[in-house]
1. Using a Förster distance of 30 Å, how high is the FRET efficiency between residue 141 and residue 53, based on the Cβ-Cβ distance and rounded to 0.05?
2. As a quick test, which of the pairs 97/143; 36/178; 2/178; 143/178; 148/178 have an alpha carbon distance above 31 angstrom in this structure?
3. Taking the full set of protein chains and a 1.4 angstrom probe, give the accessible area of residue 51 in square angstrom, rounded to the nearest 10.
4. With each run of n ≥ 4 DSSP H residues scored as -39500 (n - 2.57), what mean residue ellipticity at 222 nm is computed for the chain after dividing by its residue count and rounding to the nearest 500 deg cm²/dmol?
5. Would you mind calculating the gained length between residue 209 and residue 119 on full extension (0.36 nm times residue separation, minus the Cα-Cα distance), in nm to one decimal?
6. Expressed in nm to one decimal, what extension gain is obtained for the pair residue 97 and residue 65 from 0.36 nm per residue of sequence separation less their Cα-Cα distance?
7. Taking each full run of DSSP H in the chain as one helix, which ones are at least 18 Å long along their axis (Cα atoms) and have mean Kyte-Doolittle hydropathy of at least -1.0?
8. So what is Rg over Rh here for the chain, counting just Cα atoms and using Kirkwood for Rh?
Amino acid sequence: MKLTIFAATGGIGRQILEQAADAGHDVTAVVRNPQKLPGGLPGQVSVVTADLAAPDQATLESAVEGADAVLSGLGPRSNAEAGIATRGTQAITTAMKGTGVRRIVVVSAAPIGTAPSPARPNPPKHDPGDGFLMAHLLNPLTKAALRKHYADLAQMEDILRDSDLDWTAIRPPRLTGKPLTGTYRTAHGQNLRRGLLISRADVARSMLRALEQPDTISQTIGIAS
Ligand SMILES: NC(=O)c1ccc[n+]([C@@H]2O[C@H](COP(=O)([O-])OP(=O)(O)OC[C@H]3O[C@@H](n4cnc5c(N)ncnc54)[C@H](OP(=O)(O)O)[C@@H]3O)[C@@H](O)[C@H]2O)c1
């Protein structure tokens, strides 16, 4: 496939890039700082530089043009960067519409099903997949600490729902740096019971697999080890 990967220097983005290149896909990596890419990238990887905080639409359109799918590991590196998932995903989806590219898979987060957004001001209080401890203790704590970050991801999901594109948002719980296993649980539209952790490598694998799973289109996908 011909794939365009946004934020290919991030924890998940780097894994998507590596796994896509290993699988022999033709990859365009879009990054704000190309020096952070690993050396010795295979020949079928090309690199486009774009800061999604101030995106140039023509650059984004040339990066996605002709792609079979777009994958994004974009997210705020700090609270100060909250808003980038919304702004960046808006720019990416606009570039996709401008060039007729339809498929996009992005990273969201497990608590977003219960996080309010402009289009979903009153989301369910609890995710049907969360157990008592997650729903009543862990989720409220992380949501208080990461309020701006989650508001950003919730609004990013609004953009996808409203886009008319073939979108999938993967909602991982806490990310780890453990190696790829390829063995993990997923659920459509809800989190996984006792699903506290998942490796970035396995999230990347699930995003690439989603491209071959039409039933993930227009869905949020819970994932956990
Ligand atoms: N940490 C967790 O436990 C957890 C749990 C659930 C969900 N998540 C979500 O998953 C996302 C991905 O996780 P991760 O560990 O891969 O995050 P990460 O390593 O922080 O990667 C974030 C990526 O976004 C890029 N980015 C940020 N601002 C940008 C901008 N203005 N223009 C272009 N690129 C920009 C970063 O580029 P640079 O490399 O140049 O900084 C980086 O590639 C997180 O952002 C978060 O929303 C995280």
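The values are calculated or read from the model by the stated rules, or taken from the named source; none is laboratory data. Note that the coordinates shown come from a computational prediction; the quantities given were computed from them, not determined experimentally. For neighbour counting, all protein chains shown are included, and Cβ atoms are generated from backbone atoms with ideal geometry for every residue, glycine included. In case anyone asks, the SASA skips ligands and DNA or RNA and just uses the protein heavy atoms, side chains included. Shrake-Rupley method; radii C 1.70, N 1.55, O 1.52, S 1.80 Å.
1. 0.55
2. Exceeds cut-off: 97/143.
3. 70
4. -9500 deg cm²/dmol
5. My answer for the length gained is 29.6 nm.
6. 10.5 nm
7. Helices meeting the span and hydropathy rule in the chain are 84-99, 147-161.
8. Ratio value, two decimals: 0.94.
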